[in-house]
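Data block below; observations after.
The values are calculated or read from the model by the stated rules, or taken from the named source; none is laboratory data. Since the structure is predicted, the reported quantities are computational estimates derived from the model, not experimental observations. Methodologically, a virtual Cβ is constructed for each residue, glycine included, from the backbone with ideal geometry; neighbour enumeration extends over all protein chains shown.
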Amino acid sequence: MLDGLYGLSKGFALESAVIILTAFNITNGAGRLVTGYFSDIIGRTQIMSITFFAAGGAYFILPHADGLLECAVLASVVGLAFGTLFAVSAPLVSDCFGLRHFGAIFGLVFTSYGFFSGARGPSLSGYLLDMTESNFVLVFLYLGVFCMLSGLCIRRVLPP
């Protein structure tokens, strides 16, 4: 949801709005290496909950952010959490269920992610933006709430 439209809605020129998207993408990609490494040290559920809570906080602040740097930093926090999800999910699934049925279980996890989040999230966000004339407050509010809930839920995952 942190595409050029958000930056444009904040009044930034297209060239500046792209910086927000770039910040998200850099931490999404590079953050996978960092959080993957740290998940081996401090634990997968801990690193996931930390980044999900941070993303939730960033989502709550984003509608009120004014400066380009502030928006880019907050977007990078969200990107880090997104990258963490992809870097740490597979090892967490293998920690919890082993490798014997890893393919089937991991496939179900990401089928669910792709079906529910991938289809319904952008649709709901687009609907809310259409209904509120591109006001991101409600969109970022519900995304922040889901990040916070994810941070709480992942803490309950305990590998055997």
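Would you confirm whether or not region 73-80 contains a residue that is of a type outside the set (Phe, Trp, Tyr), over 20 Å from Val18 (Cβ atoms) and in contact (Cβ under 8 Å) with a residue 12 or more places away in the chain? Before you say what the answer is, go through the steps one by one.
So in region 73-80, the residues of a type outside the set (Phe, Trp, Tyr) come out as 73-80.
Of the ones still in play, those that are also over 20 Å from Val18 (Cβ atoms) are none.
No.
Can you name every residue in region 24-43 that is within 16 Å of the chain's Cα centre (by Cα) and either surrounded by 18 or more Cβ atoms within 10 Å (Cβ to Cβ) or more than 21 Å from Arg155 (Cβ to Cβ) (or both)?
Looking only at region 24-43, we keep the residues that are within 16 Å of the chain's Cα centre (by Cα), and these are 24-36.
Within region 24-43, Phe24, Asn25, Ile26, Thr27, Asn28, Gly29, Ala30, Gly31, Arg32, Leu33, Thr35, Gly36 qualify.
With the requirement that a residue be in a helix (DSSP H, G or I) and among the aromatic types (Phe, Trp, Tyr), what does region 128-160 give you?
Of everything in region 128-160, those that are in a helix (DSSP H, G or I) and among the aromatic types (Phe, Trp, Tyr) turn out to be Phe140, Tyr142, Phe146.
For region 1-20, which residues satisfy the criterion of being among the aromatic types (Phe, Trp, Tyr) and either outside any helix (DSSP H, G or I) or in contact with a strand residue (DSSP E or B) (Cβ under 7 Å, 6 or more places away or on another chain) (or both)? Explain how you work it out, then say what you get.
We begin by selecting, within region 1-20, every residue among the aromatic types (Phe, Trp, Tyr); these are 6, 12.
Hit for region 1-20 is Phe12, nothing else.
Given Ala72, Ala54, Ala87, which one is among the small types (Gly, Ala, Ser), within 19 Å of Gly4 (Cα to Cα) and out of contact with any Phe, Trp or Tyr (no Cβ under 8 Å at 6 or more places or on another chain)? Walk me through how you get there before you give the answer.
On the way: Ala54 fails: within 19 Å of Gly4 (Cα to Cα); Ala87 fails: within 19 Å of Gly4 (Cα to Cα).
Testing whether each residue is among the small types (Gly, Ala, Ser), within 19 Å of Gly4 (Cα to Cα) and out of contact with any Phe, Trp or Tyr (no Cβ under 8 Å at 6 or more places or on another chain) leaves just Ala72.
Select from region 71-105 the residues that are of a type in the set (Ser, Thr, Tyr) and within 17 Å of Phe52 (Cα to Cα) and write down the one among them that is modelled with the lowest pLDDT.
The initial filter retains those residues of region 71-105 that are of a type in the set (Ser, Thr, Tyr), namely 76, 84, 89, 94.
Subset that is within 17 Å of Phe52 (Cα to Cα): 76, 84, 89.
Values: Ser76: 97, Thr84: 96, Ser89: 93.
Looking at residues that are of a type in the set (Ser, Thr, Tyr) and within 17 Å of Phe52 (Cα to Cα), I get Ser89.
Which residue out of Ser94, Ser134, Ser123, Ser117 is of a type in the set (Ser, Thr, Tyr), in contact with a helix residue (DSSP H, G or I) (Cβ under 8 Å, 6 or more places away or on another chain) and on the phi < 0 side of the Ramachandran plot?
Numbers: Ser134 fails: on the phi < 0 side of the Ramachandran plot; Ser123 fails: in contact with a helix residue (DSSP H, G or I) (Cβ under 8 Å, 6 or more places away or on another chain); Ser117 fails: in contact with a helix residue (DSSP H, G or I) (Cβ under 8 Å, 6 or more places away or on another chain).
Going through Ser94, Ser134, Ser123, Ser117 in turn, just one is of a type in the set (Ser, Thr, Tyr), in contact with a helix residue (DSSP H, G or I) (Cβ under 8 Å, 6 or more places away or on another chain) and on the phi < 0 side of the Ramachandran plot: Ser94.
Does Asp130 count as more than 30 Å from Gly11 (Cα to Cα) and of a type outside the set (Gly, Ala, Ser)? So that I can check it myself, show each step before the final result.
Working: more than 30 Å from Gly11 (Cα to Cα): no; of a type outside the set (Gly, Ala, Ser): yes.
Considered against the rule, which asks whether it is more than 30 Å from Gly11 (Cα to Cα) and of a type outside the set (Gly, Ala, Ser), Asp130 comes out as no.
Out of everything in region 106-152 that is aromatic (Phe, Trp, Tyr) and within 17 Å of the chain's Cα centre (by Cα), what residue ends up being nearest to Phe53 (Cα to Cα)? Quick ask: steps written out before the conclusion?
Looking only at region 106-152, we keep the residues that are aromatic (Phe, Trp, Tyr), and these are 106, 110, 113, 115-116, 127, 136, 140, 142, 146.
Remaining after also requiring within 17 Å of the chain's Cα centre (by Cα): 110, 113, 115-116, 136, 140, 142, 146.
Working: Phe110: 21, Tyr113: 19, Phe115: 23, Phe116: 21, Phe136: 19, Phe140: 14, Tyr142: 14, Phe146: 10 Å.
If we take residues in region 106-152 being aromatic (Phe, Trp, Tyr) and within 17 Å of the chain's Cα centre (by Cα), then Phe146 is nearest to Phe53 (Cα to Cα).
Given Leu8, Leu2, Leu33, which one is at negative phi, modelled with pLDDT of 95 or more and hydrophobic (A, V, I, L, M, F, W, C)? Can you show your working first?
Working: Leu8 fails: modelled with pLDDT of 95 or more; Leu2 fails: modelled with pLDDT of 95 or more.
None of the other options fit; the residue is Leu33.
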